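Below is one structure, written out as structure tokens; the observations come after it.
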Amino acid sequence: MNIEVKGLRKDYDDKRVLDDININIDKGVHGLLGPNGAGKTTLMRILSTLIPKTSGEVYFDEINVENKKEIRKIIGYLPQEFSFYPNFTVYEILDYFAALSNKKLSRSEILSKLEEVHLQELSKVKTKALSGGMKRRLGIAVAMVGRPEVLIVDEPTAGLDPEERIKIRNVFSEIGKDKTVLLSTHIVEDIVLSCSNLVVLNKGKVVYDGAVGNMIKQAKGSVWGVKIDIDKIEEYNRNFTVLSTVFEEDKASLRILSKEQPSSSAEVVPPTLEDAYMKLIREV
């Protein structure tokens, strides 16, 4: 399944939230990255047929996004905020949402879907007893109940502990083997460990669209490491973009984003995706 977005624009009164978005998304796990207010959620809600576009074109293969009935047959959507009936069991939730989708699932099919998100052993547990990460995984199972070709997920790991984030990333990797997954997040690590390609939005515009590795390469030569006396930290923060600070007794090791060598003792260090992202956002 290929999603093609051409010249997409979204306005709210006199505010332009999305401006001339042109992207292609195909099979696999794709990241959507950007600061708060960049337009990520708006884009995902348009793709999910929840809100109309102002102008432009969006196609899922040959199906226009304005054909809501057909689009909703082939997509699954998991918003950032959602809830379940607290006294329903995990099994009952999946059975209930399958019925809402006019899908009749057997007991073995429901348990199989729960196994895909590593919840099969909790099928009899009420949802009010689930952790945040378990609820997110159940949400993914619900979004996939209609066997969609496309899964659109908004901030799925926000606020979760590292163990749950790993479990959810693994679930997406499995789904992405034969389906299209669009994953919106502001957690750069999730992109590095889950996605091969990403789109970066800033102020409603696409500022990067391509492979994760290529974006990292764009920051090569712009990230520096330097060890300084602690009393010089304020000076460096004032004059440079300091990406990180690690204290070591009476010294501080800084990671700095700069086109030029920030000091004679600074050395170029290999960039990470987070470094490349900061470079991209600061240059726009």
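Tabulated results
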item	result
Any hit, the stretch 84-94, residues being among the hydroxyl-bearing types (S, T, Y), at pLDDT 95 or above, buried (at least 19 other Cβ atoms within 10 Å of the Cβ) and part of a helix (DSSP H, G or I)	no
Residues (out of contact with any Ser or Thr (no Cβ under 8 Å at 6 or more places or on another chain) and of a type in the set (D, E, K, R)) located in the stretch 114-129	E115, E116, E121, K128
Options V206, V223, V188, V199; residue that is under 18 Å from L43 (Cβ atoms), in contact with an Asp or Glu (Cβ under 6 Å, 6 or more places away or on another chain), touching a residue at least 40 places away in the same chain (Cβ under 8 Å) and not aromatic (F, W, Y)	V199
Subset of the stretch 194-203 [touching a helix residue (DSSP H, G or I) at 6+ places or on another chain (Cβ under 8 Å) and buried (at least 16 other Cβ atoms within 10 Å of the Cβ)]	S194, C195, N197, L198, V200, L201, N202
Options S108, S101: the member that is surrounded by fewer than 16 Cβ atoms within 10 Å (Cβ to Cβ) and out of contact with any Asp or Glu (no Cβ under 9 Å at 6 or more places or on another chain)	S108
N36 being touching a helix residue (DSSP H, G or I) at 6+ places or on another chain (Cβ under 9 Å) and assigned to a loop (DSSP other than H, G, I, E, B)	no
Failed condition for P162, given (1) surrounded by fewer than 21 Cβ atoms within 10 Å (Cβ to Cβ); (2) closer than 23 Å to A276 by Cβ; (3) in contact with a strand residue (DSSP E or B) (Cβ under 8 Å, 6 or more places away or on another chain); (4) at pLDDT below 95	(3)
Residues being basic (K, R) and either over 20 Å from H118 (Cβ atoms) or touching a helix residue (DSSP H, G or I) at 6+ places or on another chain (Cβ under 7 Å) (or both) - total across the stretch 166-193	2
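The values are calculated or read from the model by the stated rules, or taken from the named source; none is laboratory data. Note that the coordinates shown come from a computational prediction; the quantities given were computed from them, not determined experimentally. Here Cβ is always computed from backbone atoms with ideal geometry, including for glycine, and neighbour counts include all displayed protein chains.
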